[in-house]
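Written below as structure tokens is the structure these notes are about.
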Amino acid sequence: MADECHVQSPRDAGLSEVQDRLRRVHGQLAAVISMIEQGRGRQDVVMTLSAASKELDRAGFAFIVVNLHSCLAGSGDGCAGTDVPTIEELEALFLSLA
């Protein structure tokens with residue numbers, strides 16, 4: 001039997017990166033909860049919250065980009081026919097993360 005080599009599509013690879021970012025945020029938030037429970041200083045807590053917030057924003061932007069790239073590439077993974085986002089919809093998505 002020959003081993004099959006599974007090659008990830010660019011969309012799958014992009015979504016995998018988004019998931020990795022979200023896992024990091026999950027860990028950072030767990031750390032913040034633990035820090036608060038331990039009575040750690042406000043500076044440590046706020047710095048970790050800030051890092052989690054930035055990572056969450058990056059995950060959101062990456063998610064939009066992966067899906068937009070899929071639309072532009074015509075792969076059909078999320079942008080079939082009338083599902084192609086308008087400029088206004090894209091602007092609203094990006095501004096919701098700003």
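Would you mind ranking I64, I36, I87 so that the residue whose beta carbon has the fewest other beta carbons within 10 Å leads the list?
I87, I36, I64
Could you size up the charge dipole of region 4-73 around its Cα centre, putting +1 on the beta carbon of Lys and Arg and -1 on that of Asp and Glu, and report it in debye to the nearest 20?
Result for region 4-73 is approximately 240 debye, rounded to the nearest 20.
Take every Cα-Cα pair in region 5-57 and report what % of them are more than 15 Å apart.
Across region 5-57, Cα pairs with separations above 15 Å total 54 percent.
Using 20 Å as the cut-off for backbone N distance, which residues of region 33-66 belong to the label zone defined by a point 7 Å from the Cα of A92 along Cα→Cβ?
Residues 60-66 fall inside that zone.
List M47, M35 from most exposed to least, where exposure is judged by having the fewest other Cβ atoms within 10 Å.
M47, M35
Readers should treat all values here as calculations from the given coordinates under stated rules, not as data from a laboratory. From a predicted model like this one, the values you see are computed outputs, not experimental measurements. Quick reminder, even Gly has a Cβ in these numbers, built from the backbone with ideal geometry, and neighbours come from all protein chains shown.
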